[in-house]
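First comes the structure, then the notes that go with it.
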Amino acid sequence: MGLQKHRGLRATPPALLRTALLGALVLTGAQAGASVTNPTIGRLLWSEEFNGTSLNTGVWRTYDGNGCQINLCGYGNAELEYYSPNNLSIADVPFEPGTRALAIRAQRQTVGSNQFTSGKLDTYGKVQIQYGMIEVRMASPSVTTGLWPAAWMLGTSPQTWPRNGEIDIMEQGHRASAWSAAGAPSPDYYVGSNVITWSQAACVPGNESCAASTAWQTKNWYKPQASLANRFVKYRLYWTDSQMRFTVVDNDGEHDMYNAPLPVTSTSLQAPFYFLLNLAVGGNFTDAATPGQVTAQLPATMYVDYVRVYQLDGKGEVKLGSQITPETGKFGVFTDNTTVNNKLVAGTSSDIFLWNPASSGAGNIGPFEGSNVIAWSYNTPGQWFGGGIQSRQIRDLTNFRNGTVKFRIKIPADVSFNIGIGDTYTNQSWVNFPANTTAFGLVRNGDWGTATIPVSTLIGPKVALQSVADIFMISSDANRLPNAPFQFAIDDVVWDSGTTTPQEPPVDPTPAGISQPTATSVKFSQATGSWADVHYTVNGGGQLNVRMSKEGSGNAYTVSGLKKGDVVRYSFTYWDPSRNGAYDTAQQSYTLK
């Protein structure tokens, strides 16, 4: 169930939701060879039993919106519901006395333009899983036409979907063409699983995101003897660095979804993932494109008894809390022999992207140092070129604000180009290297040269150093595209803080406003003349992070659907042009009157 399933892939990443930093804790199993077909299930690494009186917001982040608040209306799937924390609870299960479970309720309730409300939650920034046996004990309501329950996972990478990877442990509510073709009497007798990654082979007209689905023209489903409505079954994912296996444990035993284990052929599936649980209403996965096509009996409730992660043949890791720590000293982006405090490794912790293969391909220039080099060949005069190095995890580079970015490059003197970086708020900044002109120390003679860019210059008026994904980018100069083929290469890219002493990230105490224009809404205001993001929670629920809209000389954002007594906690991240930096305000609280 893709959060961005129908959003086209861009050359650089879209905004990524930003979460509060939590303390980090790692639970690790021994790393050994694993078999998904003859598994040895080891100790329990982590679980959420949903036995308390209320949802544990230290583990789960709840959703409040229809996707429009993050510029993704319908959450990329044309869903019809408005997700509200009020539709999430820990409750007694009516059809299984003695069991308490997470209850996700969908109902006919109008909020704005939406005629339905439901619930959704995830563990982003709070719980990350890499390998092991994952088991979800869950009961779906009768889905009929229009309900879409799902237990799934997304990669923690800041890369655009589907490059970050998606693992659908279970989803139900398929179109009739799917369940009827399998011989199921109704959608309540049919459940499937799926894995989605990026693939060049999937880049065809109509699939501009290049999303490759393992469920495409492949058996990926289980057809039970009895309806799945209002009864518990166990959904399992056996996951190693080389294979995946999806099963359903029903009353008559364990059943494979796929005919054979899936090979792990994408590096995105070898990285940490976080959990998502939701009950969607309508959308392009179902046969309900409009509210009138929803025939499911509402209200309806999906129950999750527990989510558990076990060792699989000694393999498995669970990380709790945010894994983002500030980089210090020298940070290697692409280097072999240069001494650094920490570094990215291509194919392991970073990826190198060539954005326009119509103009460029692999080159044959040798490395400046070591044995590795980024070498490209520009083959189509008059077209643009570009590419970059993207970290698979967000990097905090606040300690480099007064430092430099140094790199080696070999490129013809008559080629004008740009060097840039980008943060996870979609902000980018570029500096230009004109043709036949020395800039930032780079002598333009066609041989290997060294450029040194001050970070304060490179980040420009927008980029937030505490949340960087695109560590290094290069592109053609749009005003002077090359008129002849050439080769170029990049090597030894290093961020240098200029000090070995960590600096405290900037925190600005400047107050920002909140007002209550109506009985059911609040309005956030931030007076800065540049961009601003607001981070807020309602009644202790999961944090939402939204880019504010320009209003006059400042920024504003309004949240509706609230009620008297609701407690809103909020803070801001904003760019201060006068100090040339991104700043975080202190968290404040407001209670609706």
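The values are calculated or read from the model by the stated rules, or taken from the named source; none is laboratory data. All values reported here derive from a predicted model rather than from experimental measurement. Using ideal geometry, Cβ is built from the backbone for each residue, glycine included, and neighbour counts are taken over all protein chains shown.
Going residue by residue through segment 497-504, is there one that turns out to be at pLDDT 80 or above and closer than 30 Å to Asn372 by Cβ?
The answer is yes, given that some residue of segment 497-504 is at pLDDT 80 or above and closer than 30 Å to Asn372 by Cβ.
Among the residues of segment 330-341 satisfying the criterion of being in contact with a Ser or Thr (Cβ under 9 Å, 6 or more places away or on another chain) and either among the acidic types (Asp, Glu) or at pLDDT 95 or above (or both), which is surrounded by the fewest Cβ atoms within 10 Å (Cβ to Cβ)?
So the residue we want is Asp336.
How many residues, within segment 183-202, are within 26 Å of Thr290 (Cβ to Cβ) and surrounded by fewer than 18 Cβ atoms within 10 Å (Cβ to Cβ)?
2
Would you list the strands (runs of 3 or more DSSP E) that sit entirely within segment 396-509 and hold 3 or more residues that are more than 22 Å from Asn337 (Cα to Cα)?
Of the strands (runs of 3 or more DSSP E) lying wholly inside segment 396-509, those with at least 3 residues that are more than 22 Å from Asn337 (Cα to Cα) span 417-423, 428-433, 468-476.
Consider Pro205 carefully, then state whether it is surrounded by 17 or more Cβ atoms within 10 Å (Cβ to Cβ) and over 30 Å from Asp64 (Cβ atoms).
For Pro205, the condition - surrounded by 17 or more Cβ atoms within 10 Å (Cβ to Cβ) and over 30 Å from Asp64 (Cβ atoms) - is not met.
What single numbered condition from (1) touching a residue at least 12 places away in the same chain (Cβ under 8 Å); (2) out of contact with any helix residue (DSSP H, G or I) (no Cβ under 8 Å at 6 or more places or on another chain); (3) not hydrophobic (A, V, I, L, M, F, W, C) fails to hold for Gln159?
Condition not satisfied by Gln159: (2).
Evaluate segment 546-558: report whether one residue or more is in contact with an Asp or Glu (Cβ under 6 Å, 6 or more places away or on another chain) and of a type outside the set (A, V, I, L, M). Explain how you work it out, then say what you get.
From segment 546-558, those in contact with an Asp or Glu (Cβ under 6 Å, 6 or more places away or on another chain) are 547; that's our starting set.
So of that shortlist, the ones also of a type outside the set (A, V, I, L, M) come out as 547.
Among the residues of segment 546-558, at least one is in contact with an Asp or Glu (Cβ under 6 Å, 6 or more places away or on another chain) and of a type outside the set (A, V, I, L, M), which makes the answer yes.
Could you count how many residues in segment 110-142 are surrounded by fewer than 18 Cβ atoms within 10 Å (Cβ to Cβ), out of contact with any Pro (no Cβ under 9 Å at 6 or more places or on another chain) and either in contact (Cβ under 8 Å) with a residue 60 or more places away in the chain or not in a loop (DSSP other than H, G, I, E, B) (or both)?
Step one: list which residues in segment 110-142 are surrounded by fewer than 18 Cβ atoms within 10 Å (Cβ to Cβ), which gives 110-113, 142.
Imposing the further condition that a residue be out of contact with any Pro (no Cβ under 9 Å at 6 or more places or on another chain) reduces the set to 110-113.
When the remaining residues are screened for being either in contact (Cβ under 8 Å) with a residue 60 or more places away in the chain or not in a loop (DSSP other than H, G, I, E, B) (or both), the result is 110-112.
The number of residues fulfilling the criteria is 3.
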